[in-house]
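What follows is a single structure, written as structure tokens, with notes after it.
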Amino acid sequence: MRNARHWCAVFLILGFVQFLLVYPTFAQSVATIKAPTVTMELGQTMPIAITAENVQSNIVGIQGSFSYDSSVYTVSNLRFHDAFEVTSQNILNDQGLVRFVATLVMKDNNPIGLSNSTLFTFDATAVGADGTMSAIDLNIDLVKNMAHEVLVVTVIDGKITIVGGEHRPPTPNFSFNPDRPTPNEKVTFTDLSTDQDGFLVNWLWDFGDGGTLEVQTASEATNVMHTYVVAGVYDVTLTVTNNWGISASVSKQISVGAMYGTPMLYVFPNPCIAFCKFFYKFPQGSTDFVLYIFNIRGEKVFDAVLNPATNELRWDMRGLNGQPLPNGPYYFYAQAITPAGVVRTPLDVLVIKR
């Protein structure tokens, strides 16, 4: 009878060992990765800690991601436990996704382990409307050795809920094309406005020439056409209003016709041996285009009013007094007078080398 009990116990032990070999996860302790559930006020920034609990063996690294609704909160300033010295992260607020990997250092060819602790912390900024919420959806591996074996884990996702707070004004912005239109040329104005805790419901365009346009849908506001009849400088103002009734405006200046233009000037050959030729182009609407040449002391040695009919000037390397200038470097530029003011070419260098 005693022998029967003995062999029964042996068989039980062998059976249990075989069970562990077939189902190894049974022998592993289940660690817990946890994100908190918190409430935030609109506009508030709060540190959010992701922790590891019930970790029976040290870990040597973490890898994974977490996702969220970026219309409820945004993520910034991700920082890992101090033990992680090799880290990489990619915060994609436009996609509501953060990817990361972090590894512990080695000491005497052995990893310095990390057990129960805060794995990493990030700053969440509440941008959603009152009552909106988003999960902190974790997808994380705890790496237990340098062979990249991972621990069995239970993941407890967190949640952030937005309450109260004052709603933010929208952020108005726009672009226009072409940036240098001429009179009677159609200009396309493109709305680039955003709103962090709501959506836009109204767009009011003031084109600065007495023309206005008000629309109530984003599709109408995306590409707005306007034509300026008279050359001039105009202040274009876009006022946007969100669903909370909060408005904000932005103004940009557009110049039409003769108000724009950049002069062009270059010299050939350079160095100048027997003579030089300056080639130039007048900006649209210019009434005067003058070339200036200076020596290395900053003294003007030559100037000339350029003829718009020829677009070039031959220069015999003589100064204001009609005498040949000595060899050496000289600086030159040209400036044009337009109804909008003075425009000039960049300062350039020529060399006289007879």
When VAL349 is run through (1) surrounded by fewer than 14 Cβ atoms within 10 Å (Cβ to Cβ); (2) of a type outside the set (Asp, Glu); (3) farther than 23 Å from PRO271 by Cα, the failure sits at (3)
Just a yes or no: is a residue in the stretch 166-177 modelled with pLDDT under 90, loosely packed, with under 13 Cβ neighbours inside 10 Å and assigned to a loop (DSSP other than H, G, I, E, B)?
-> yes
Within the stretch 211-238, the residues that are modelled with pLDDT of 90 or more, in contact with a Ser or Thr (Cβ under 7 Å, 6 or more places away or on another chain) and of a type in the set (Ser, Thr, Tyr) are THR237
Picked from the stretch 64-107 (must be out of contact with any strand residue (DSSP E or B) (no Cβ under 6 Å at 6 or more places or on another chain) and surrounded by 16 or more Cβ atoms within 10 Å (Cβ to Cβ)), the residue farthest from PHE122 (Cα to Cα) is SER71
Scanning the stretch 178-194 residue by residue, the ones that are within 26 Å of the chain's Cα centre (by Cα), outside any loop (DSSP other than H, G, I, E, B) and surrounded by 17 or more Cβ atoms within 10 Å (Cβ to Cβ) total 2
Selection from the stretch 46-73 of residues polar (S, T, N, Q) and over 24 Å from the mean Cα position of the chain (by Cα) yields THR51, ASN54, GLN56, SER57, ASN58, GLN63
Those residues of the stretch 307-325 which are surrounded by 11 or more Cβ atoms within 10 Å (Cβ to Cβ) and modelled with pLDDT of 90 or more amount to GLU312, LEU313, TRP315, ASP316, MET317, ARG318, GLY319, LEU320, PRO324, LEU325
message: Condition first: of a type in the set (D, E, K, R) and either exposed (fewer than 12 other Cβ atoms within 10 Å of the Cβ) or not assigned by TED's automatic domain parsing to the domain that holds ASN223 (or both). Can you find one or more residues in the stretch 244-252 that meet it?
response: no
query = Just a yes or no: is a residue in the stretch 150-165 assigned to a loop (DSSP other than H, G, I, E, B), within 26 Å of VAL38 (Cα to Cα), at pLDDT below 85 and out of contact with any His (no Cβ under 9 Å at 6 or more places or on another chain)?
reply = yes
For the stretch 149-186, the count of residues that are of a type outside the set (Ser, Thr, Tyr), under 30 Å from GLY64 (Cβ atoms) and touching a residue at least 60 places away in the same chain (Cβ under 8 Å) equals 11
Flagged in the stretch 95-116 as at pLDDT below 85 and under 30 Å from ASP69 (Cβ atoms), in numbering order, are ASN116
Evaluate the stretch 90-105: report whether one residue or more is in a strand (DSSP E or B), polar (S, T, N, Q) and within 21 Å of the chain's Cα centre (by Cα). yes
Just one listed residue, out of PHE294, PHE275, is hydrophobic (A, V, I, L, M, F, W, C), surrounded by 15 or more Cβ atoms within 10 Å (Cβ to Cβ) and not assigned by TED's automatic domain parsing to the domain that holds SER193, and it is PHE294
| message | Residue under question is GLY208, and the condition is that it be at pLDDT 90 or above, assigned to a loop (DSSP other than H, G, I, E, B) and surrounded by 13 or more Cβ atoms within 10 Å (Cβ to Cβ); does it hold? | response | yes
Here, strands (runs of 3 or more DSSP E) confined to the stretch 1-83 with at least 1 residues that are at pLDDT 80 or above and over 17 Å from ILE140 (Cβ atoms) are 37-41, 45-53, 73-80
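The values are calculated or read from the model by the stated rules, or taken from the named source; none is laboratory data. Here the structure is a predicted model, which is why all the values come from computation and not from measurement. Cβ: placed from backbone, ideal geometry, glycine included. Neighbour counts: every protein chain shown.
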